[in-house]
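Encoded as structure tokens, the structure appears first; notes follow it.
We did not get these values from a lab; they are worked out from the coordinates using the rules stated. Remember, it's a predicted structure, so these values are computed and weren't measured experimentally. Cβ atoms come from the backbone with ideal geometry, glycine included; neighbour counts cover every protein chain shown.
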Amino acid sequence: MSLGRRAFLQFVGGAIGGTLLTPIPWKLADDSAIWTQNWSWRPSPERGEITEATGTCLLCPGGCGIQVRLVNGHRAIYVKGNPDHVVNRGGLCPVGAAGLQYLYAPYRVTQPLKQTGKRGDPKGFQPISWDEALKVVAAKLTELRQKGQPHAVACLTGQSRSSTADLWKQFFAAYGSPNLYTMPCHSDSTRLAVALATGQEADLAFHLEKATYVLNFGAPLLEGWASPTRAQRLFSRWQTEQPGVPETEFVHVEPRCSLTASKADRWIACNPGTEAALALGIAHVLIREKLFDAAFVADQVFGFEDWTDAAGAQRKGFKALVLGKYSPQDVASLTGVDAEVIQELARQLARQKNAVVLWGPPTDTPNNLYHDLAFLALNALIGAFSSKAMISLVPPQPWQALPDPAMDMEAFKGQGQKPLGQPASTPKTKVRPNTVHAFFNALANGEEYPIELLFIHEANPAYGLPENALAVQALQKAGTVVSFSSYLDETSAYADLILPNHNAFERLDDVIGLPGAPFAFYAVATPILSPQYDTKATGDVLLSLAKALGGTVAQSLPWKSYQDLLKLRAAQIAQAGSGTLVDATFDPASVAPGAPLKPNFSKASDVWRKLTSGLCWVDAPQALDRYATPSSRLELACQGLLASVSANAGDELFMAHYAPLNPSGDAGELPLLLITHRSLSLAPGYVPNAPFMNKLLPDDLLLQQDVFVEVHPSTGKKLGLRPKAKALLKTPRGEAAVRVRFAPTVPAGVIALPEGLGHTAYDEYVQGKGVNANAMVEVQLDPVTGLGTVWATRAQLRLA
Amino acid sequence: MGEVKNSTSKKGLGLVFFLAGFVGALLVGWLVFPNLLYSSKQQPLNFLHSSHEDLSCEDCHFTREDGSYSGVPGVEMCAECHEEPMTESEDERILVEEYIQQEREIPWLVYARQPDNVYFSHVAHTEEQGIECVRCHRDVSAEDKMPVYKENRLTGYSKNTIKMVECEKCHAEKGASNSCHVCHK
């Protein structure tokens, strides 16, 4: 019998028929579907007991309470707002909700690293032990002190509201360096304005919960202002009808129709950067029509009428200045807001019992000092500082700060040095001007004296500082750069040593004060889970460095651990016996300045237990009945400026006035103005946009890797652009490829660019998306305070 | 005609070839394939439910307050009694020395583990609702050796993992919904 082709086919036919009657095809089809569920790269949640840990979000200064779901106590899977928390009452912003993507990010620094190659070479980082790394830093610190150069050590921290910031202050005072800075923010300039006007070192507290009328000059309430979730809650409170409570009217002034503007009761579009002029125009109407709080002004205000300075010279007062220069017609031509509208706003403002004026740049940067003073003056005129107390002051430290540092000769000498780059003209007040840009400028240009050791803590200036190229140049000039970053960000790429901090979810930390809130605030952030990698809390690193240095430095930082320091805070609260520990039932509207809240705690251990369980300490702000100014009044003409402004200066240099800093560049070549703005879906700060957040970005903001700039359709057409067209954006600081979105919500001649994109570090899901707005904007140093201000940059947009 | 006869005999022979293929495939499909598809694995140690009859089932397998199910207990629970060996058993020696003393969890191979894409809650499937444990799990009361764990080489799941059709049948019997989202959230 021979087996031919036919026999073979018959066999195969039988086999196929037989196979169809076995489980083989059916089972394999089913199993291969299930097989796809178990590919190794497909994430599979750990199984086990689900628990919930309570903590405080440390990703921004907002102080939100969070609850994190954990599997088996060690794998975090979900973050939500704590419904019982006083600040957010269950709300959470996109950064907080995406927070776990930072914890488990592939760009985390998992152990101390040392740069062995050229600075900036990402492949040059090699692991180093903690002991060895700390020895290197301690040796450098000791050496600089022995050489009599303690002031050659500098630090930039992004944590201005944590006890770590106080540890840095204590360390720098005892060690002897004046070069301690925080990342720039709007409160840098308001604190100086407040110090000049009231003589106090304090943050402004706006009693927005009880306001019936809010006139807001640009503060981005819904784009991440102060404590973002609190701002959102305020918005809903204003718009919720409550029996017996009049609804709050919210008027927003901003050139661009931002989210806040679009949700306001009324949006007033002004020309970019002219908000202060509008405020002064409103002040003019209030004064001319005698609508201001005359009793308060007569009793408590200095410099409203003409005055005589210490040298006996006659000076013009605020009234004369405003009546002379800021008539509605003058202001209308500056701001583009009709004179009738200005009068109407002034009358509305005066009619309201609980009116308040709020202000702030759309990006959280320092403001022109005279502009901050203008908004303060307008608030003074409407009586917001009077017994109505729509504005009060919250000191940055609600209780006694750390004990005075022990200082030896070296420390005194070092501290006596001028902060690097700081202009001599900065006003001498209780507040240290945070002249970050002047510092980086001097460092980058090798002026005055070199910086041998630069610490960067929870900050990313190489990306996030306006004019970030300056930070990059400065980092390259510094002797040794030590980064405490938990992530391989743009800045730590230039470090010589990275001593990674625990991530925000892994460390014990605290939040001192809530920006803009009308109460003193303290919260403890307990670790949600134990550290995932070989990292150390920077507070503890500082304490061990102090110990290694010995002498007065070690004496000044005597705590065994950072936790001991935080427990000291709890003890201070218990000892002071003021304020109360609250949950979501606390209503900020019930707080009256100068009326301390009754404590609901007794022992320090009691305070600590409650703080670590998610309660927050709050207290009333101080009453504004004493002014520590030369006149003992609220000064509209700031005599504090006499020392820094030249004696024959014009009268208006002591007072609020409209003083725009002209952007550089040729208006012929760069005919447009670039303004930048923020959004809650874009993280502009120390942490980048997590992938979850990128999912929130609409494709007319980010299309693949291209960011959209907004231009008015008329401007776009004039430039020969079409919607979605690729274009080239050029400013005196740089060039970038963008796409164009025609938006009638920006004024003609203006380009609006979002902040928070254009990273070059981290991983493929973060980097290379859009343009870094900080690289395009121009920083102008305020001639009085020396702070780096940003308002608009000349720009050109042309078809690519 | 010879040609025709030849063809008839070839037809008969053709049936033989066909049947050979058919029967061969059946044999491979029903006898060889099931053994090929699964690998046999031994548990890390032989745990006997029958040796723990002084305990109630709920001492180890219980529903937590939040409604989730504890499943297989962790080594911490074993340590409550087996801090030191209680018998001469080799399995108990392994338990104490290799897991309890080293604070390692026992990598049990769970016969009934459901895939990740299935949402299954034990709280909704209890004896109070008329569903005996043995409806889905094996009867462990008289067991003197744990069964060999058969792992599907392709999917990685146990051979005893309940298939969807079983869930659907029972849901239909009990009048529970068979909508997709009931189990696939």
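Just a few scattered comments:
- Highest mobility in the GNM of chain B, judged by mean-square fluctuation with C-alpha springs under 10 Å and restricted to B:Asn152, B:Asn117, B:Asn160, is found for B:Asn117.
- Between the Cα long axis of helix A:275-288 and the first principal axis of chain A there is an angle of about 30°, rounded to the nearest 10.
- Taking the centroid of alpha carbons for each part, segment A:349-426 and segment A:570-608 are 24 Å apart.
- Helix A:130-146 and the long axis of chain A differ in direction by around 30°, with both axes built from C-alpha atoms.
- Between the amide H of A:Ala154 and those of A:Leu453, A:Leu454, A:Phe455, distances stay under 5 Å, these residues lying 5 or more places away or on another chain, with hydrogens modeled in the peptide plane.
- Interchain or long-range residues, amide H under 5 Å from A:His759's placed H: A:Gly768, A:Lys769
- Based on Cα contacts under 8 Å between residues 6+ apart, chain A shows a relative contact order of 18 percent.
- Seen against the Cα atoms of chain A and their longest principal axis, helix A:5-20 is set at about 50 degrees.
- Computed on segment A:247-313, with alpha-carbon pairs under 8 angstrom and 6+ residues apart, the relative contact order is 20 percent.
- Using θ = phi - 60° and Karplus 6.51 cos²θ - 1.76 cosθ + 1.60, couplings along segment A:180-193 (whole Hz; Gly, Pro as x): 10, 10, 10, 4, x, 8, 4, 5, 4, 7, 5, 4, 5, 4
- Cα centroids of segment A:204-244 and segment A:138-183: 37 Å apart.
- Backbone HN-Hα couplings from phi across segment B:151-160 [Karplus 6.51/-1.76/1.60, Hz, Gly and Pro as x]: 9, 5, 5, 7, 8, x, 8, 5, 5, 7
- Estimated from helical segments only, the mean residue ellipticity of chain B at 222 nm is -9500 deg cm²/dmol, where each DSSP H run of four or more residues counts as -39500 (n - 2.57).
- The protein assembly as shown: Cα Rg divided by the 2.2 N^0.38 Å rule of thumb: 1.17
- Backbone HN-Hα couplings from phi across segment A:72-82 [Karplus 6.51/-1.76/1.60, Hz, Gly and Pro as x]: 6, x, 9, 10, 7, 10, 7, 10, 9, x, 7
- Note on segment B:107-185 and segment A:64-114: Cα centroid distance 34 Å, given to the nearest whole angstrom.
- Were the residues from A:Tyr533 through A:Gln400 laid out at 0.36 nm apart, the gain over their Cα-Cα distance would be 44.4 nm.
- Helix-only [θ]222 nm of chain A, DSSP H runs n ≥ 4, -39500 (n - 2.57) each, per residue, nearest 500: -9000 deg cm²/dmol
- Förster radius 41 Å - calculated FRET efficiency between A:Ser333 and A:Phe692 (Cβ-Cβ, nearest 0.05): 0.30
- Where both bridge residues fall in the protein assembly as shown, DSSP classifies roughly 60% of the beta bridges as antiparallel.
- Amide proton proximity set for A:Tyr487, modelled H, under 5 Å, gap of 5+: A:Val109
- DSSP-assigned coil residues among GluC sites (Glu not before Pro) in segment A:749-800, each with at most 10 further Cβ atoms within 10 Å: A:Glu764
- Cα→Cβ-extended label distance, 7 Å offset, between A:Gln242 and A:Ala298, nm: 3.5
- By the beta-carbon count within 10 Å of each Cβ, the least crowded to most crowded order of B:Ser68, A:Ser556, fewest first, is B:Ser68, A:Ser556.
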